[in-house]
1. Taking amide H atoms as placed 1.01 Å from N in the peptide plane, list the residues 5 or more away in sequence, or in a different chain, whose amide H sits under 5 Å from that of B:Val174.
2. When we measure straight from the Cα of B:Lys201, which aspartates and glutamates land under 15 angstrom away, once same-chain ones fewer than 8 places off are left out?
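Bear in mind these aren't lab numbers, they're just calculated from the coordinates by the rules spelled out. No experiment lies behind these values; they were computed from the predicted model shown.
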Amino acid sequence: MVDPVARPDARPADDDARLLARLVAGDERALGSLYDSYGAVVYGLALAITQDPPTAESVVTDAFADVWREARSFQRPGATLFAWLSHTVRSLALARRAPSARASTAQPPAASQLALALERLAPVERQSVELAYFGGLSRSEIARALGETEVTVAVALRSAMERLRDLVTPPSSHVTPRMVANV
Amino acid sequence: MSDLRALAAAYALDAVDASERAALDALHAQDAEFRREVEAFREVGALMAYAAPTVAAPSALRDRILGEARSVRSITSAPTARATPAARSRWVTVAPWLAAAACAAFAVFAYNGMQQARDAMVALSGELTQVRTELQEKDRTITAFMGPEVHVVSLAEGSNKPTARVFWNHTRNVFIVTAFNIPRAPDGKTYQLWAISKALKAPVSMGTFNTDEEGRATIIVPVGTDVNAIDVVELCAMTLEPAGGSPGPTETPRLVGSWRHTD
């Protein structure tokens with residue numbers, strides 16, 4: 001049993017609910033608070049995928065606009081605002097990256113805060129999840145890239161996600177994981 | 001079905017192939033257990049954002065985001081802590097009477113204590129200011145629906161009744177999207193509107209939106225430069241896309257309509 005890797009900073013679930021309520025009510029300060037919590041992280045994500053600062057800025061701006069506009073529709077049990085925001089940023093960044101960025105982001109970015117957890121994965125698990133997340137590749141594309149079968153990639157993705165979950169959160173908090181400290 | 005379940009992690013990472021997406025979407029829509037598993041994987045997947053190199057966001061980005069938010073504010077903002085929409089509506093109607101009542105109350109309170117009355121007036125003044133602000137916002141919205149430079153499209157599925165309308169106010173350079181009886185987009189999905197022109201090879205994104213739990217939405221979306229660059233837009237279509245939208249439609253449009261002038 002390896003020690004859990006502390007998850008990066010995030011808002012506790014009850015704060016998340018209060019923040020969402022304020023967003024729904026049209027409180028602009030809530031949007032500012034959301035940006036203060038996650039703006040740097042999602043900008044880093046957008047930049048890692050697009051490799052282009054202006055595009056990354058545009059992606060992050062539009063993602064926050066989406067959250068602001070659609071906050072009233074956000075009803076996903078167990079889901080956090082951060083997961084929603086980062087998912088939107090990732091989708092926009094993958095859609096808007098230039099072809100030249102597509103090739104470079106198919107390679108794993110320089111790992112930072114989550115490096116410990118990723119390094120503990122098997123190589124095929126780590127490569128699969130990074131190619132999927134940062135490269136936006138489907139499992140058949142990942143299989144071709146790695147010279148593996150699609151079944152192997154599907155199993156690797158599942159195993160990687162389960163192991164990441166175990167590594168970044170203690171088992172008792174799997175249902176509603178709570179982030180405890182910075183790495 | 002069991003094979004599809006094994007793809008929960010790939011589905012959560014949007015790493016499934018187009019050929020299997022429809023079946024997984026259906027499973028996700030029908031199976032609560034699969035939804036929970038996908039949601040849990042999405043939460044873990046979201047942490048991958050922290051694996052990206054740490055960089056400082058541009059200092060002006062925060063202001064840009066807040067400025068953008070002001071231009072896309074939902075018209076049908078949810079109830080505030082002060083009043084529900086219905087109550088607010090009544091409040092608008094009775095506000096002058098309450099103000100008058102407040103004046104009367106002032107006289108009574110003057111007898112018992114000027115300070116209490118002043119507090120009451122300050123509170124009422126604040127409420128009235130908020131009501132005025134909301135009315136002004138609604139006036140701007142109503143204005144956006146009308147005028148000589150407004151086109152509209154009614155979006156429907158085949159020959160069915162329309163379930164969405166989009167107003168294009170060229171003067172204000174905004175779309176006003178009104179939707180009704182459109183189920184809320186599934187987790188990780190959003191509705192996306194497309195401008196379609198014979199002169200273009202591919203549809204151009206007009207923006208994304210989602211409906212609430214009652215299947216309704218009333219949203220203002222700025223018109224993008226890509227759309228403004230089109231000389232003549234004949235059609236508008238709506239598809240369901242991954243959250244954040246897609247560069248091009250990934251499915252056959254669910255709703256389609258022809259643009260016309262509001263006159």
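1. Under 5 Å from the amide H of B:Val174 lie the amide H atoms of B:Asn169, B:Val223, each far enough along the sequence or on another chain.
2. Correct list for B:Lys201: B:Asp226, B:Asp231, B:Glu234.
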